[in-house]
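Undergrad: Let me begin by handing over the structure; questions about it come next.
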Amino acid sequence: YIVHGSSSEQGTFTVTPDDKYFSRQWALHNDATYTMGGLYTPKKDADIDMPEAWEIEQGDSSVIVAIMDSGCKMDHPELAGRLWKNKGEIPGNNIDDDNNGYIDDVNGWDFINNDNDPADDNGHGTSVAGIIGANWNNGIGFVGVNPHVKIMVVKVLDSLKRGNTSVSSKGIDYVIKMGANIINMSFFSPNFLQTFADLIKHTNSNGVVIIAGTGNRNLEQIGYPAAYKEVIAV
C-alpha cells in the first residue's frame, strides 16, 4: 500500500491500497472524483475515513465474522485466505469429527439445503463477504473493510434471498457453537418475534457482536433483526 500525507485537519497519514477499483469505493474514501456512473458525484469526504482507520488498525485473522446470507463463492480470488475453516473436521470422511452435529462442515454449513456446501447461488452473500473482508493490495477488484478477517459462511438464504426464522435460528446456534466473534445478517423482516428476540439476546450475552441491515429503500419502517436492542443496525 501507499502511505501519504492526509488532507485532514489532524495532519495524520493515510493508507491507500493498490486494488484496481478502490477509487470507486467512495463510501470508504471519497475525494469527489468518482461520479457513480456519471449520475452524480457524492459530496467530498462523505465517507467513513477508512484509510485513516487503517493507519491505526488493519484487522486481525483471529477475528471471525459469520456471514449469515446466501452463501459464498468459495474460490473467489478476492476471498483467498479469508474464509474460515473448521479445523475440527477431516474433509470428506463423512464423519462428524468434532461432534457438533454437522458432518464435514469444513467450510461452514448450508441450512437451506442442510448440507456442508454453502455455495452462493444468488451472489448477495459473496458481495457482503467482499465488503467485509476482500483482500487488499492484490491489484484487482475492491478492498474489504477488514482485509485480514476470517469469514465463516453460514447459508440461511436461498437463491431468491428468502429465508425464515427457523433456518436463521439454526444458523445462529451454529455460529455460537463454532466460536464466531461477530454475526452479519443483511436481511430484513417487518415482524417482531419474541423467540427470535430471545435468541438474539442469548447470542449477545455469549459475547457475540451482532450486525443487521435495515434495507436499502430509505423507508421509515422498523425491521428485524436490526431493531432488536442487542443489534447494531446498519
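Undergrad: Can you name every residue in segment 146-163 that is under 10 Å from VAL65 (Cβ atoms) and part of a loop (DSSP other than H, G, I, E, B)?
TA: Within segment 146-163, ASN146, VAL149 meet the criteria.
Undergrad: What is the one condition in (1) touching a Ser or Thr at 6+ places or on another chain (Cβ under 7 Å); (2) open to solvent by less than 70 Å² (accessible area, probe 1.4 Å); (3) free of Cβ contacts under 8 Å to residues at least 60 places away in the same chain that VAL234 does not satisfy?
TA: (2)
Undergrad: Then there is this: Have a look at MET74, MET36 and point out the one that is closer than 16 Å to ASN116 by Cβ and open to solvent by 20 Å² or more (accessible area, probe 1.4 Å).
TA: MET74
Undergrad: In segment 102-112, how many residues are free of Cβ contacts under 8 Å to residues at least 24 places away in the same chain and more than 17 Å from MET74 (Cα to Cα)?
TA: Count: 1.
Undergrad: While we're looking at this one, here's another question. Scan segment 187-213 for residues that are open to solvent by 60 Å² or more (accessible area, probe 1.4 Å) and closer than 19 Å to ILE112 by Cα and jot them down.
TA: Passing the criteria: only PHE188.
Undergrad: Would you mention how many residues in segment 164-186 are open to solvent by less than 60 Å² (accessible area, probe 1.4 Å) and either over 24 Å from LYS85 (Cα atoms) or part of a strand (DSSP E or B) (or both)?
TA: 5
Undergrad: Quick check: anything in segment 92-114 within 19 Å of GLN25 (Cα to Cα) and not β-branched (Val, Ile, Thr)?
TA: Checking segment 92-114: not a single residue is within 19 Å of GLN25 (Cα to Cα) and not β-branched (Val, Ile, Thr).
Undergrad: Is one or more of the residues making up segment 63-71 over 15 Å from the mean Cα position of the chain (by Cα) and open to solvent by 40 Å² or more (accessible area, probe 1.4 Å)?
TA: Checking segment 63-71: not a single residue is over 15 Å from the mean Cα position of the chain (by Cα) and open to solvent by 40 Å² or more (accessible area, probe 1.4 Å).
The values are calculated or read from the model by the stated rules, or taken from the named source; none is laboratory data. These numbers were taken from a predicted model, which means no experiment stands behind them. Because the Cβ atoms are built from the backbone with ideal geometry, glycine has one as well, and the counts that use them run over all protein chains shown. SASA here: full protein model, heavy atoms, side chains in, ligands and nucleic acids out. Shrake-Rupley method; radii C 1.70, N 1.55, O 1.52, S 1.80 Å.
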